[in-house]
Amino acid sequence: MDGVSAVRHLRIVPDNTSFGFIRFRRISFPISAVLSILALVLFFTHGLNYGIDFKGGIALGVTAQSGQADVQAIRDKLAPLGLGEVQIQSFGDKGQVLMRIALQPGGDAEQNAVAEKVKQTLAPDYISGKDDQIQIIGPSVSQELVTVGTVGIFVAILGILIYLWFRFDWQFAVGAMIANVHDIVLTIGFMSLTQIDFDLTSVAALLTILGYSLNDTVVIYDRIRELLRKYKKKPMDELLDESINATLSRSVITHVTVALALLALLLFGGHAIHSFTATMLFGVVLVGTYTSIFIASPVLIYLGLRPGSHETAGGDKPE
């Protein structure tokens, strides 16, 4: 019983913590502005290292003759062929493997020739069954995937803006949108700088970062709205600091556990999910945590939010 009580009262951050986060806004805003500009410059000058999904390539399935597929052994066998980027993923319980190979110079005939060379290299340990087909992803399909992925990100940001506009006041909606755009811009800058593969899993990572950042921001915003109702004359910077400190323990626990999980995936998850986990680790842990505290909250001051100066969502007035 004592042990249960001790766990219940465990506090990562003391309840009486009163750190002045908002005072750093005069530093965090210029730093974020400079980093965002650098990220955009990198994107337009250095570009992204587009993966097979966006550059085109060959999709080829094979099946192990016996037992489970050995992804690393397949990778070692294909390495001497000099095919460029090769993504290998095993699935199912019958030793099935899906390979995605970078688009080779030449037309469809060259792509089919490369696919046959790959099958011969892996034979007799791996063969192509009747359900295994060769698919060639051309440039037009890749361009369509780029367009759909970009539209998906912007639709997600717009949906977040509309949701917060109804859930909170307009200042909260605009503040969250600024924070989300900040996260996306810096994450894309990171991907351009490191030149990690940008593929469909990277788009999924960006959308996940949006959702995670929104969740973290809404937790703080909800506490801010609660204190706006409670205090009508308290200085806004003190009210924001109190809101952040009140949710700090929850934020620390969440971010540490997510960071540990992503770090394990990054180190031991293999090549197939490397881009996803690296992007998530940067966007969620480094950028998202910083943004929620030092961008999303203090920006409310510059948007004119004041205790007693507004009506809260749902028509409730501060008491």
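The values are calculated or read from the model by the stated rules, or taken from the named source; none is laboratory data. Note that this is a predicted model, so its numbers are computed, not measured. So basically every Cβ, Gly included, is an ideal-geometry build from the backbone, and we count neighbours across all protein chains shown. Accessible surface is based on the protein model in full, side chains and every heavy atom, while ligands, DNA and RNA are left aside. Shrake-Rupley method; radii C 1.70, N 1.55, O 1.52, S 1.80 Å.
Structure data summary
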{"item": "So Asp197, is it under 16 Å from the mean Cα position of the chain (by Cα) and either among the β-branched types (Val, Ile, Thr) or closer than 22 Å to Gln87 by Cβ (or both)", "result": "yes"}
{"item": "Any strands (runs of 3 or more DSSP E) falling wholly within the stretch 76-187 and containing at least 2 residues that are modelled with pLDDT of 75 or more", "result": "86-91, 96-102"}
{"item": "Residue within the stretch 95-107 that is open to solvent by 50 Å² or more (accessible area, probe 1.4 Å) and either over 30 Å from Thr150 (Cβ atoms) or of a type in the set (Lys, Arg) (or both) present", "result": "yes"}
{"item": "Residue among Gly211, Gly189 that is surrounded by fewer than 16 Cβ atoms within 10 Å (Cβ to Cβ) and over 15 Å from Thr277 (Cα atoms)", "result": "Gly211"}
{"item": "Residue satisfying condition, being under 26 Å from Tyr163 (Cα atoms), assigned by the TED database to the domain that holds Ala173 and either at pLDDT 85 or above or assigned to a helix (DSSP H, G or I) (or both), within set Leu265, Leu260, Leu207, Leu193", "result": "Leu207"}
{"item": "Condition met for Thr247 (in contact (Cβ under 8 Å) with a residue 40 or more places away in the chain and of a type in the set (Ser, Thr, Tyr))", "result": "no"}
{"item": "Selection from the stretch 163-205 of residues that are of a type in the set (Ser, Thr, Tyr) and farther than 24 Å from Leu35 by Cβ", "result": "Tyr163, Thr201"}
{"item": "Residue match in the stretch 233-246 (condition: farther than 13 Å from Val285 by Cα, in contact with a Ser or Thr (Cβ under 8 Å, 6 or more places away or on another chain), open to solvent by less than 60 Å² (accessible area, probe 1.4 Å) and aliphatic (A, V, I, L, M))", "result": "yes"}
{"item": "Members of the stretch 74-94 that are under 15 Å from Tyr126 (Cα atoms) and open to solvent by 70 Å² or more (accessible area, probe 1.4 Å)", "result": "Asp76, Lys77, Gln89, Phe91, Asp93, Lys94"}
